[in-house]
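Participant: Before I ask anything, let me first share the structure, which is written out below as structure tokens.
The values are calculated or read from the model by the stated rules, or taken from the named source; none is laboratory data. Keep in mind the model is a prediction, meaning the values are calculated, not measured. Glycine also receives a Cβ, built like all others from the backbone with ideal geometry; neighbour counts cover every protein chain displayed. Note: accessible area is taken over every heavy atom of the protein model, side chains too, but ligands, DNA and RNA are not part of it. Shrake-Rupley method; radii C 1.70, N 1.55, O 1.52, S 1.80 Å.
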Amino acid sequence: MTNTVGTAGLGRLSGRDDVRAAARDAMAGALAAFEPDAPVLVVSHFDADGLSAAAILIRALRQAGREADAFVVAKAESPWDPEVAARIATRAPGGLIVADLGTRPDPVLPGRPTLVIDHHVPTGEPEGAVTISGNGLDPEPTTALLAWWAAGALGDQADLLWLAAVGLIGDMAEGLDFPEMAEAQARWGKTALRDATALVNAPRRTAAADASPALRLLLGSDGPKRITKGEDADASALHAAKAEVRAAMEVAKRVPPAIGGDVALIVLDSPCQIHPLIAQQWRGRLKDKVVIAANVGYRPGWVHFAARSASGRDLIAFLAEHRPANADGRYGNGHAQATGGALRNADWNGFVRGLGFPKAEVEA
């Protein structure tokens with residue numbers, strides 16, 4: 001039976017202490033079902049929120065004497081892809097924690113004990129998994145903050161609070177609605193946390209999308225200044241990644257949008273994951289439009305795109321209305337005001353024709 005702690009659990013609780021206690025209880029219950037002598041594998045997204053969540057969970061588990069390791073998805077990967085799931089299975093985990101990758105009805109590894117921690121709009125509940133969801137809470141916690149709350153089941157995690165702050169900043173700019181953010185800023189510094197987040201987020205936007213230097217720093221650092229002031233190879237890699245993304249953005253931000261009805265379409269051609277940043281920039285300038293930034297150069301044979309809007313429109317519902325028949329689980333997930341997806345070239349062509357942009361078709 002699926003055990004969900006979120007909009008059907010956390011969301012009904014009256015106070016923050018109740019929410020944190022429910023997350024801790026869910027974590028404890030999930031770990032009790034894991035094989036005690038086999039490693040816990042934390043499968044996470046490669047952005048600042050996913051990486052910080054993974055670092056919190058792994059550090060807390062190791063501190064508690066449990067063997068734990070990370071599996072960070074690579075560029076354009078999903079743990080639900082058969083080939084990715086097969087690689088995960090070779091790690092022979094005693095249990096999985098799937099963090100910041102969405103909540104879907106199908107399990108990553110059928111029959112393997114699983115804890116899902118996420119804050120995106122769920123597309124279903126994985127059978128047999130324990131789910132900690134922040135979706136529907138107000139304010140909505142990111143995955144890293146949910147992970148920090150949950151990790152309280154393993155002991156006091158005060159020294160890892162800065163990692164939760166990095167996740168909050170990465171997904172919510174500041175996250176000032178959370179007292180945890182104010183506490184982290186007072187202890188580690190607002191500027192240091194913000195600058196560390198920008199560096200941690202940079203590698204996943206590069207052409208190589210290698211987040212391993214960022215994860216190593218999050219696992220081994222006692223605070224954000226170890227990331228911002230570090231001079232080792234991993235810290236240098238983050239600065240180089242940030243410079244690569246900055247250069248790609250300089251080119252992309254000069255691409256004008258095409259306007260059709262209530263949609264603005266910006267077509268980019270870059271190996272870097274800059275389309276969400278471009279969509280966000282134009283969102284503020286085209287406040288009455290659904291802004292779609294599409295990247296035809298990110299992955300051969302596919303068009304990856306980000307959708308944003310300042311109008312309050314439900315973008316997941318908008319994409320559902322225009323969903324191509326062959327779209328898979330990469331399409332239309334995330335948040336009502338920040339979503340996107342990936343479509344094979346032929347499916348993209350049908351999608352943009354339907355939106356009234358036939359000139360945006362690509363070679364199928």
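Participant: Restricting attention to region 262-308, which residues are touching a Leu at 6+ places or on another chain (Cβ under 6 Å) and small (Gly, Ala, Ser)?
Facilitator: Result: ALA264, ALA307.
Participant: Moving on to the next point. Could you tell me whether THR143 is surrounded by 24 or more Cβ atoms within 10 Å (Cβ to Cβ) and touching a His at 6+ places or on another chain (Cβ under 7 Å)? It would help to see each step written out before you state the result.
Facilitator: Values: surrounded by 24 or more Cβ atoms within 10 Å (Cβ to Cβ): yes; touching a His at 6+ places or on another chain (Cβ under 7 Å): yes.
The answer is yes for THR143.
Participant: Failed condition for ARG66, given (1) surrounded by fewer than 21 Cβ atoms within 10 Å (Cβ to Cβ); (2) under 26 Å from THR339 (Cβ atoms), with all others met?
Facilitator: (2)
Participant: Would a scan of region 262-269 turn up a residue that is open to solvent by 20 Å² or more (accessible area, probe 1.4 Å) and out of contact with any Asp or Glu (no Cβ under 8 Å at 6 or more places or on another chain)?
Facilitator: Initial filter on region 262-269 (open to solvent by 20 Å² or more (accessible area, probe 1.4 Å)): 262, 267, 269.
After this cut, where a residue has to be out of contact with any Asp or Glu (no Cβ under 8 Å at 6 or more places or on another chain) as well, the list is 267, 269.
Scanning region 262-269, I find at least one residue that is open to solvent by 20 Å² or more (accessible area, probe 1.4 Å) and out of contact with any Asp or Glu (no Cβ under 8 Å at 6 or more places or on another chain), so the answer is yes.
Participant: Just checking, which of GLY329, GLY312, GLY356, GLY260 is touching a strand residue (DSSP E or B) at 6+ places or on another chain (Cβ under 6 Å) and more than 24 Å from VAL245 (Cβ to Cβ)? If you could, list the steps in order and put the result at the bottom.
Facilitator: Working: GLY329 fails: touching a strand residue (DSSP E or B) at 6+ places or on another chain (Cβ under 6 Å); GLY312 fails: touching a strand residue (DSSP E or B) at 6+ places or on another chain (Cβ under 6 Å); GLY260 fails: touching a strand residue (DSSP E or B) at 6+ places or on another chain (Cβ under 6 Å).
None of the others qualify; the one that does is GLY356.
Participant: Okay, next question. If you take just the strands (runs of 3 or more DSSP E) that sit entirely in region 253-364, which of them hold at least 1 residues that are within 25 Å of the chain's Cα centre (by Cα) and in contact (Cβ under 8 Å) with a residue 60 or more places away in the chain? Before you say what the answer is, go through the steps one by one.
Facilitator: Values: elements: 258-260, 263-268, 290-295, 302-309, 333-335, 338-344.
It comes to 263-268, 290-295, 302-309, 333-335, 338-344.
Participant: Let me ask you something else. Can you report the number of residues in region 72-119 which are surrounded by fewer than 19 Cβ atoms within 10 Å (Cβ to Cβ), out of contact with any Pro (no Cβ under 7 Å at 6 or more places or on another chain) and not in a loop (DSSP other than H, G, I, E, B)?
Facilitator: Qualifying residue count, region 72-119: 6.
Participant: Considering every residue within region 133-140, establish whether at least one is of a type outside the set (Gly, Ala, Ser), within 23 Å of VAL43 (Cα to Cα) and at pLDDT below 95.
Facilitator: Filtering region 133-140 down to residues of a type outside the set (Gly, Ala, Ser) leaves 135, 137-140.
Cutting the leftovers down to within 23 Å of VAL43 (Cα to Cα) gives us 135, 140.
Still in the list and also at pLDDT below 95: 135, 140.
Yes, there is a match, as at least one residue in region 133-140 is of a type outside the set (Gly, Ala, Ser), within 23 Å of VAL43 (Cα to Cα) and at pLDDT below 95.
Participant: I've got another one for you. Condition first: within 22 Å of GLY136 (Cβ to Cβ) and surrounded by 19 or more Cβ atoms within 10 Å (Cβ to Cβ). Now tell me which residues in region 319-330 satisfy that.
Facilitator: Residue satisfying the conditions is LEU319 alone.
Participant: Please work out if ALA86 is modelled with pLDDT of 95 or more and under 17 Å from the mean Cα position of the chain (by Cα). Quick ask: steps written out before the conclusion?
Facilitator: Numbers: modelled with pLDDT of 95 or more: yes; under 17 Å from the mean Cα position of the chain (by Cα): no.
No, not satisfied.
Participant: Take the residues in region 14-54 that are outside any helix (DSSP H, G or I) and of a type in the set (S, T, N, Q); name whichever of them is surrounded by the fewest Cβ atoms within 10 Å (Cβ to Cβ).
Facilitator: Looking only at region 14-54, we keep the residues that are outside any helix (DSSP H, G or I), and these are 14-15, 34-47.
Narrowing the set further to residues that are of a type in the set (S, T, N, Q) leaves 14, 44.
Working: SER14: 7, SER44: 30.
Among those residues, the one meeting the criterion is SER14.
Participant: Can I ask one more? So, in region 28-43, how many residues would count as being touching a residue at least 60 places away in the same chain (Cβ under 8 Å) and closer than 19 Å to PHE71 by Cβ? Don't jump to the end; show me each part of the working.
Facilitator: Step one: of region 28-43, the residues touching a residue at least 60 places away in the same chain (Cβ under 8 Å) are 28-31, 33-35, 43.
In the following step, the residues that additionally are closer than 19 Å to PHE71 by Cβ were identified as 30-31, 34-35, 43.
Final tally of qualifying residues: 5.
Participant: Out of the residues in region 234-252 meeting the condition of being closer than 23 Å to PRO213 by Cβ and free of Cβ contacts under 8 Å to residues at least 12 places away in the same chain, tell me which one is least open to solvent (accessible area, probe 1.4 Å). Write out each step before concluding.
Facilitator: In the first step, residues of region 234-252 are kept if they are closer than 23 Å to PRO213 by Cβ; the result is 234-249.
Right, trim to free of Cβ contacts under 8 Å to residues at least 12 places away in the same chain and you get 236, 240, 243, 246-247.
On the way: SER236: 62, ALA240: 62, ALA243: 45, ARG246: 127, ALA247: 60 Å².
The selected residue is ALA243.
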